[in-house]
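Only one structure is covered here, and it is reproduced in the block below.
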Amino acid sequence: GDDEGTNTGVISKTKPKTKKPSLYKVLLLNDDYTPMEFVVLVLEHFFNKGREDATRIMLHVHQHGVGICGLYTYEVAETKVTQVMDFARQHQHPLQCTMERE
Ligand code: TYC
């Protein structure tokens, strides 16, 4: 809405409240071939996890088939997925990374 200035002749406008952006989960999928150490490196490098957290997430994916790497806005999530898929392909690993709306 508009707020009128009071004495100065200046008209100020307050920002209308905009919607919060939807968040997206970035997921890693298990497979039988990608080395555990490679997945840990992916979680450290692309998702800013420490070694302990990265290992915990990797083992969760290994045991349950899928796991959450992080929660991001659409563009950031999409960039993470592309980076991980490109990195895995470069190293000839079948690792799959995907995203879904939270
Ligand atoms: N299952 C793989 C192995 O035994 C390890 C692995 C974990 C692969 C997580 C992918 O997203 C993954 N080497």
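The values are calculated or read from the model by the stated rules, or taken from the named source; none is laboratory data. A quick note: this is a predicted structure, and the numbers were derived from the prediction, not measured. Virtual Cβ from ideal backbone geometry, glycine too; neighbours counted across all protein chains shown. All accessible areas refer to the heavy atoms of the entire protein, side chains included, with ligands and DNA or RNA removed. Shrake-Rupley method; radii C 1.70, N 1.55, O 1.52, S 1.80 Å.
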Within-14-Å neighbourhood charge of Ala77 [Cβ basis; K, R +1; D, E -1] | -1
Non-local amide H neighbours of Tyr24 (under 5 Å, H modeled in plane, Pro and chain starts lacking H): which ones?
-> Tyr72, Thr73, Glu102
Could you please put Ile57, Ile68 in sequence from largest to smallest accessible area, using a 1.4 Å probe?
-> Ile68, Ile57
Overall form of region 18-75 per C-alpha gyration tensor (a/c, 1.5; a/b vs b/c) = prolate
Non-local amide H neighbours of Lys49 (under 5 Å, H modeled in plane, Pro and chain starts lacking H): which ones?
-> Glu44
Evaluate the distance, in nm, between pseudo-label points positioned 7 Å from the Cα of Thr18 and of Glu78 along their respective Cα→Cβ axes.
-> 1.6
Under a 1.4 angstrom probe, counting protein chains only, how are Tyr72, Tyr33 ranked by accessible area, largest first?
-> Tyr33, Tyr72
Residues of the chain: accessible area per residue at 1.4 Å, in Å²?
-> 73
Solvent-accessible area, 1.4 Å probe, carbon plus sulfur percent, for the chain | 51
What angle do you read, to the nearest 10 degrees and between 0 and 90, between the alpha-carbon axis of helix 51-64 and the longest principal axis of the chain?
-> 70
Using the alpha-carbon atoms, what tilt in degrees (0 to 90, nearest 10) does helix 74-90 show relative to the longest principal axis of the chain?
-> 20
Quick one: longest stretch of the chain between exposed loop trypsin sites (Lys or Arg not before Pro), exposed meaning at most 11 other C-beta atoms within 10 Å and loop per DSSP?
-> 20-102
Over the alpha-carbon set of the chain, divide Rg by the Kirkwood Rh and report the Rg/Rh ratio to two decimals.
-> 1.32
